[in-house]
Amino acid sequence: MKRKTPEVSMHLDTNTIDDRGQPSTFTSNGECGYQIVTLVEWITSHKPRQPLPLVDLRAKSYFDSQHLSYKANNSSNENVSDTTVTIVNLPLSTLISGERSCELPPRHVEFAILIPHHDIPSFTNNVTSCKIHSLFFATKSKSTSQSRKPWLVRQVLLEDDDFWEEAERLGLLTVKVDDHVTKNHNNTFQRLPRLWKPDPLIQSDVLRLLKDGLQNNTTSTCGSKGNNKQTTGVVLDLGSGAGRDICFLAEELKDYYYSSSNPR
């Protein structure tokens, strides 16, 4: 039996147009919010720009089983390469707990979200008690009661069987075929897609210095009496931010190490 998306009752003021020339959907409190869109609308509504980055809120096991992947085709312009749209799996539970909330984009960046099928009823019918609305659209912090700027979720996609059938028809569906395809082997590493950027100094100068140090350490270690020991190092982040910069360095250095040891 197919899971059908329930009917959505939202107030739409067609006289109100957003900065992209499209009607703006309003939430029940009258503030400009999001549009519930189909896959086709997600792909096409931002032309000539590419689709909005997408946060998939499903559990990791479901994401690993099947997920969306989209590459913008720029074949009409030979000077522009194809662009992969950023699609990130951030399970709702890890965002609510704060475990991965630092991986959300800055609050001035527009993006879309994919609602898991079991969260659709509360999202569409119980706005005031919905945990997704509380997370993304609340204008006041529950912990401090201070006002805050909500995230710019501009589009919402709802998961049901028709959604995945449409994804397959459009060539957007990636399905896990064999278990070994998605396993991380000891000699491979793949960076996760990001919806945020590290500090420019970290991204350029600090990363370059650490790569140089890692390369020199690897060379001296491998050349010492024929022993190929694992290269280790310590980077301390003494700041009080969300930890994005240290996560960036960890991923980039690990990717650099495995790429250098096992050229693709």
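Just so you know, all these numbers are worked out from the coordinates, no wet-lab data involved. Fair warning: this is a prediction, and the values are worked out from it, not measured in the lab. Note that each Cβ is placed from the backbone with ideal geometry, even for glycine, and that neighbours are counted across all protein chains shown.
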Calculated FRET efficiency for the pair residue 36/residue 140, C-beta based, R₀ 30 Å, to 0.05: 0.80
Entries of 211/254; 142/197; 60/176 with Cα pairs more than 20 Å apart: 142/197
Computed magnitude of the charge dipole of the range 95-158 (debye, nearest 20; Cβ of K, R +1, Cβ of D, E -1): 280
From phi via Karplus (6.51, -1.76, 1.60), per-residue ³J(HN,Hα) for the range 103-115 in Hz, x at Gly/Pro: 8, 5, x, x, 6, 9, 9, 7, 7, 10, 10, 9, 8
Sum of side-chain charges, residue 206 neighbourhood, beta-carbon under 15 Å (Lys, Arg +1; Asp, Glu -1): -3
Backbone HN-Hα couplings from phi across the range 160-168 [Karplus 6.51/-1.76/1.60, Hz, Gly and Pro as x]: 8, 5, 4, 4, 6, 5, 5, 4, 5
Inter-label distance, nm, simple model (7 Å from Cα along the C-beta direction), residue 170/residue 107: 3.0
